[in-house]
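Here the structure comes first, spelled out in structure tokens, and everything after it is commentary.
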């Protein structure tokens, strides 16, 4: 059962989700509608990029990612944070002190943490598919040592779920945060995916030379999130010196966008968001049709009550698709918009310590029943 809490006194209403992580800005090129997604400046990662919050080494250099090792110990149960790969960098999971998934898990006693730092697509990567990303995720898990605790954020959530269903013995526990899985549950995202003509997405890939270009998104959409939007996402006042630094860091993070491989992008648009193949049981991953009932590991679902991108009803509906016994499913809802689930100070003060405790607990059913 989802734990629902009301908004604190004085909490603002729904703020625009400006830098939202979804590959549907192409619709605005063909549809004269109000669009809620901001993309700015796509660059390959390199010198001058925004520094990370948590010290780490690079454990693996793969075609799709750098596997960051944020571990403080060489022994213990490993957790792999699967960041969303949707035009913004993986620092959404390690944004700033008090706003970092990695640090919150560390403070909660998780000492072995790894993070998928997805690469911006080069021309040579244009044919990479969802299978390419699942395959490299499997290499990362083998490098870390299975079974892992897999923490999927946003679009990293459906990727993590596919992985857990394809390799159930390699995932000990699964955390899905603001993860879109069943697109039959109505949301702004599912409406947009259905309403945009398929040719719009094909044309976007063609104009990018086989990739989805962050540079084109920059020119298509120029409205930046204002201070209030960012304050709602970070769940704190930005008027002091520390707030000003966070504001500048957010702007810089938001500008460091990534290109997406065209094949991967079109598979997401068509197979997941238009055809709903994961939820309907028609998705083939690495040669095998995926059955979500094969996922029997304990699962923690976190949803945002103010999330316009993946509404709480959609994020929590995943539980009914899994083979995990209901006693091993923990679910919680926070007064948060989408970005606030990953970056919000209040969410990091309340929800993420609870997730860390759930990961450490030898009897997850105890926490599941109280969720």
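Every number here is computed from the coordinates shown, using simple stated rules; none is lab data. All of these numbers come straight from a predicted model, not from anything done at the bench. Because the Cβ atoms are built from the backbone with ideal geometry, glycine has one as well, and the counts that use them run over all protein chains shown.
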*Which percent of the Cα-Cα distances in region 152-196 go past 12 Å?*
63 percent
_Separation of the residue 202 and residue 350 label points, Cα + 7 Å toward Cβ, nm_ = 4.7 nm
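For region 56-111, what class follows from the C-alpha gyration tensor (a ≥ b ≥ c being the square roots of its eigenvalues): rounded when a/c is under 1.5, otherwise prolate if a/b is larger than b/c, else oblate?
On the way: a/c = 2.22, a/b = 1.19, b/c = 1.86.
It comes out oblate by the Cα gyration axes.
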*When all C-alpha to C-alpha distances in region 65-150 are sorted into bins of 5 Å, what percent of pairs does each bin hold, rounded to whole numbers?*
3, 14, 24, 24, 18, 11, 5, 2, 0
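What is the mean projected area of the alpha carbon convex hull for region 266-331, to one decimal in square nanometres?
Values: hull surface 20.2 nm².
Taking the Cα atoms of region 266-331, their convex hull projects to 5.0 nm² on average.
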*Which of rounded, prolate, oblate describes region 228-307, given a ≥ b ≥ c as roots of the alpha-carbon gyration tensor eigenvalues and a/c under 1.5 marking rounded, otherwise prolate only if a/b is larger than b/c?*
prolate
*Please give the contour-minus-distance gain from residue 242 to residue 291: 0.36 nm per residue of separation, less the Cα-Cα distance, rounded to one decimal in nm.*
13.0 nm
*asked:* Given points 7 Å out from each Cα along the Cα-Cβ axis, report the residue 122 to residue 186 separation in nanometres with one decimal.
replied: 4.6 nm
*Rounded, prolate or oblate: pick one for region 225-371, where a ≥ b ≥ c are the square roots of the eigenvalues of its C-alpha gyration tensor, a/c under 1.5 means rounded, and failing that, prolate if a/b is larger than b/c, else oblate.*
oblate
*Taking the Cα-to-Cβ direction at residue 73 and at residue 228 and moving 7 Å from each Cα, how far apart do the two end points lie in nm?*
4.7 nm
*Quick one: 296, 170, fewest Cβ neighbours within 10 Å first, how do they rank?*
296, 170
*asked:* Quick check for you: which residues of region 282-323 have the amide N under 12 Å from the point 7 Å beyond the Cα of residue 169 toward its beta carbon?
replied: none
_Pairwise over distinct Cα atoms, reciprocal of the mean inverse distance: report the Kirkwood radius of region 288-364 in Å, one decimal place._
13.3 Å
